[in-house]
Amino acid sequence: MDILIRFAEKEELRKVNMLRKQVNDLHVNGRPDIFREGFCTQMQDHIYTMYESENSDIIVAVSGDDILGFATVEYILKPLSPYSLERKIYQICEFGVDKKHHRKGIATKLVDFIKQDAASKGYSRIELDVWEFNETAIEFYNAIGFKPYRRYMELPI
């Protein structure tokens, strides 16, 4: 199967939303106390907002007319503050591969494209966050070189 990684075209966003729903369902199953069930219109529309923004992009893995995977990315500039230096961050916001196509190298190809894109835009780091219940994603991110540098913790009451 030939797989092309590139920036999404607007007419592909409906198909990207089908994969985003898979990712949302995974999150709902993992943390039903946090994530909303279903895939509301607001969530569906958010991909179009990101597409139109100059500070974000949607990247897709394509084979023929099929969208096999996607990533949404944001370009963030954190200004100098009393606490930290100015930072330029290439942020992966959402990431997913169609469950029918897991373990075929698609996620790795998406990340390779993201690394090249980040470097070409002058970023020195890529950041993302991942939920602790998503062990498969954590294993993947660790395997390709991501390292934790901050941790969120909770204490249920």
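Values quoted throughout were computed directly from the atomic coordinates according to the rules given, and no laboratory measurement underlies them. Computed from a predicted structure; not experimentally measured. Cβ atoms come from the backbone with ideal geometry, glycine included; neighbour counts cover every protein chain shown.
With only the Cα atoms considered, the stretch 21-108 has a convex hull volume of 156 Å³ per residue. For the stretch 138-152, putting each phi into the Karplus relation 6.51 cos²θ - 1.76 cosθ + 1.60 with θ = phi - 60° gives couplings of 4, 4, 4, 4, 4, 5, 9, x, 5, 10, x, 10, 7, 9, 8 Hz, in residue order, rounded to whole numbers and with x for Gly and Pro. Spherically averaged projected area of the convex hull of Cα atoms, the stretch 73-157: 7.5 nm².
A cut-off under 13 angstrom between Cβ atoms defines the neighbours of Ser84, and their net charge, with Lys, Arg +1 and Asp, Glu -1, is +3. Just round it to a whole percent: the fraction of Cα-Cα distances in the chain exceeding 29 Å. Across the chain, Cα pairs with separations above 29 Å total 19 percent. Distance between the modelled labels on Arg6 and Lys100, one decimal in nanometres: 2.2 nm (7 Å Cα→Cβ projection).
Stokes-Einstein diffusion for the stretch 26-66, with the hydrodynamic radius set to the Kirkwood value over Cα pairs and evaluated at 25 °C in a medium of 0.890 mPa s, equals 195 µm²/s.
Anything over 21 Å Cα to Cα? Flag those among Lys21/Lys121; Lys78/Lys121; Lys109/Lys147, in the order listed. Those over the limit are Lys21/Lys121.
Report the FRET efficiency, 1/(1 + (r/R0)^6), for Thr49 and Ile157, where r is their Cβ-Cβ distance and R0 is 25 Å, rounded to 0.05. Between Thr49 and Ile157 the formula returns 0.10.
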